Amino acid sequence: MKKERGLKTNENRGVFIDNIQGWFYKRSMFWTAITFIALSAIIILQLSFTFLTGINPNIRLLIYPILVPLLLLFIFSIFWRNTITAFLSLAGALCLFVGMYYAYVSQYLHQTISSSASQASNVGMHLPPLDVVSTFYFFMGLFSAFLCIGIAFKPSFFRARGAVVGLPHPVWSIEHELESKHTGSSTRVDSLIHIQSLLSFGERHLISNYKYIQVMIGGKIYFISLDEWVPQGSTYVIRDKQSGSLIGIPKVSDGFNIW
């Protein structure tokens, strides 16, 4: 009973993540524009307040209501692509927040408390320069943000040389296969069955964890989604020789799809 509940939870989780990514993916161009606009606005904001801080040191405390919405907008526009970009966007946003606002506020509060206790001269000697600390966090945040964007939009740049790009086998599509047979010399089409009818009862509870599984159709290996139809007499599901488990690509390998 507990195992069935766990499988049901994983299935619901996978469907929920798929729905989130599907909704964002339909508006991919819009969220891409939001990502670059938000990051550009953050950089312009930092440059503007760096200049204005020389005129009025306390003006940095007014950045909060502008900075936080921009950081949240940046995270929201890119987190859905995969787990790595979600982590980097959060890490970059936190570093930018510390470098652009929190470091100044904490220094201001510390100086206020120290001055009230008449210890500002002693404590101040042990504190690093505020500009150095804030600049360090700001550039760390920018590095994480740019790395996040690079992984999201140009993942091939970060792959090792010689690494396999794409899937090692083609993806089966019954529509494409029927069109090929219709336009080719052979007009014979086998009777079709749903791929899930070739799986055991236990495997049908596990397929929610897979984006594709491996099958052999007509002597050739394919990846196939779990909603496809296949020829009845020439399709075989490929399983691991030792464990007998399905072979395929996990749907939720790292928390979010990366394909």
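So the values come out like this:
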quantity	calculated
Fewest-first ranking of Met29, Met100, using other Cβ atoms within 10 Å as the exposure measure	Met29, Met100
Sorted by Cβ density within 10 Å, fewest first, the residues Arg81, Arg60, Arg27	Arg27, Arg60, Arg81
Projected label distance in nm at Leu90 and Asp131, using a 7 Å step from Cα toward the beta-carbon	3.5
Relative exposure of Lys211, Lys241, Lys220, judged by other C-beta atoms within 10 Å (fewest first)	Lys241, Lys220, Lys211
Nitroxide proxy distance, nm - points 7 Å out along Cα→Cβ at Ser106 and Asp240	4.5
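Here, each number is a calculation from the coordinates, and none is a lab measurement. Values in this document were obtained by computation on a predicted structure and should not be read as measured data. When we count neighbours, we look across all protein chains shown, and the Cβ atoms used for this are built from the backbone with ideal geometry, even at glycine.
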